[in-house]
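Just below is one structure, and these are the notes that go with it.
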Amino acid sequence: MKGKKPLLTSKNTMFATVVVFLLLATIIMMGMITPLIAKLTTGVEVSLEPAYFNSRTALPTAALVLLLSTCLLVGYMGQKNTLVVVGGYALLSVFFAIISPFENLPIDVSVPILAVALMATIYKIGKALGRDSFRGKARGVSAHLIHLGILFILLGIVLSSNMKVEGTGVASLDEVAHFEGQDYVLRITGMDSSYRGETYQQYPGSSYVTRIDFDIYKRGEYFREGEMEYITDFKWGQSYTTTYIHRGFTEELFIAPRVVDLQEGRTDIYMRTVPFINFLWGGMYLMVIGIVLLLISDRRKDGRLKQENEKKKTKGARK
């Protein structure tokens, strides 16, 4: 029909994106306040595992990313081409879920969807760099750097949460602790216990701290040294630990003592390796850079408008 407006427009897709985002925020908010409501109404403490959120937010998050991709592309590629590209990647994610090339369902589904969003964002950054004025380039690039940062954060969350490797090992002084599936082993080089804090009841200190020194070996070669502590707090009647964290370029390493047997001098150690988490930190940096560029471009615009207004006032005064 003549004069019929297309449904797939930037305005409509942006509206749909906002609706899905609000739905996602509502699901997360409900999950956060459910333990509080249960505590207030029944007195029962409820703890929700990450699986609760993962199962409920997976589809809205995938829809949100696809809608963002559509919103970015529809203004430049047209309705038909945008549907072909976005729909093709959506079908590819379904195909990946069936054949499971990564042998992990969340990653199999997420990679094609995030790939089209990354492609759309990089495409828009290239378009923005083609503008003539600096302000036009800065404003266009800044908005899409923020989009790119969000996508990197999502990619980091998906990859790190589904590819992390956890394990435990037990070792005494000068012994090596092995962890199944890990590239790392630990050799305990020292254990030293002492009281800390002010005198509490019959104890010379308010807490008893065991410091554990260790060397880390990666694939059979010395990597670095570290330390961690197991703390028994008499005042509060609880035990807790300090965690050794090493942030590398491709992964993060977490090590903490689970249990310390002082009589036998043995330590039960927990180790977790989280790959690709730097996508998350990189995404945060990209968002900051995008926001700074956006503020700079807006400030230059305000300064230019102020100069133009002053010129108009000067011309009016001369007349």
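The values are calculated or read from the model by the stated rules, or taken from the named source; none is laboratory data. A quick note: this is a predicted structure, and the numbers were derived from the prediction, not measured. Cβ atoms come from the backbone with ideal geometry, glycine included; neighbour counts cover every protein chain shown.
Data for the structure
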{"item": "Count of residues meeting criterion [of a type in the set (A, V, I, L, M, F, W, C) and free of Cβ contacts under 8 Å to residues at least 40 places away in the same chain] in region 181-213", "result": "2"}
{"item": "Matching option when the condition is surrounded by 15 or more Cβ atoms within 10 Å (Cβ to Cβ) and within 22 Å of the chain's Cα centre (by Cα), among 83, 105, 148", "result": "148"}
{"item": "Any hit, region 184-197, residues being within 30 Å of residue 282 (Cβ to Cβ) and not β-branched (Val, Ile, Thr)", "result": "yes"}
{"item": "Test: residue in region 173-183 that is among the polar types (S, T, N, Q), surrounded by 14 or more Cβ atoms within 10 Å (Cβ to Cβ) and out of contact with any helix residue (DSSP H, G or I) (no Cβ under 7 Å at 6 or more places or on another chain)", "result": "yes"}
{"item": "Residues within region 188-205 that are within 29 Å of residue 225 (Cβ to Cβ) and not in a strand (DSSP E or B), tallied", "result": "2"}
{"item": "Pick from region 282-299, criterion small (Gly, Ala, Ser) and within 18 Å of the chain's Cα centre (by Cα), ranking: surrounded by the fewest Cβ atoms within 10 Å (Cβ to Cβ)", "result": "282"}
{"item": "Residues being crowded, with 21+ Cβ neighbours inside 10 Å and either aliphatic (A, V, I, L, M) or in contact with a Lys or Arg (Cβ under 7 Å, 6 or more places away or on another chain) (or both) - total across region 261-272", "result": "2"}
{"item": "Within region 95-106, tally of residues that are of a type outside the set (A, V, I, L, M) and either assigned to a helix (DSSP H, G or I) or touching a Leu at 6+ places or on another chain (Cβ under 8 Å) (or both)", "result": "3"}
{"item": "Verdict on residue 61 being under 23 Å from the mean Cα position of the chain (by Cα) and modelled with pLDDT under 80", "result": "no"}
{"item": "Enumeration of residues in region 107-139 that are in a helix (DSSP H, G or I), among the charged types (D, E, K, R) and farther than 16 Å from residue 69 by Cα", "result": "108, 135, 137, 139"}
{"item": "Residue check for residue 38: of a type in the set (A, V, I, L, M, F, W, C) and either farther than 30 Å from residue 130 by Cβ or outside any helix (DSSP H, G or I) (or both)", "result": "yes"}
{"item": "Single unsatisfied condition, residue 235 versus (1) farther than 14 Å from residue 179 by Cα; (2) assigned to a strand (DSSP E or B); (3) in contact with a strand residue (DSSP E or B) (Cβ under 6 Å, 6 or more places away or on another chain)", "result": "(2)"}
{"item": "Test: residue in region 217-239 that is surrounded by 14 or more Cβ atoms within 10 Å (Cβ to Cβ) and on the phi > 0 side of the Ramachandran plot", "result": "no"}
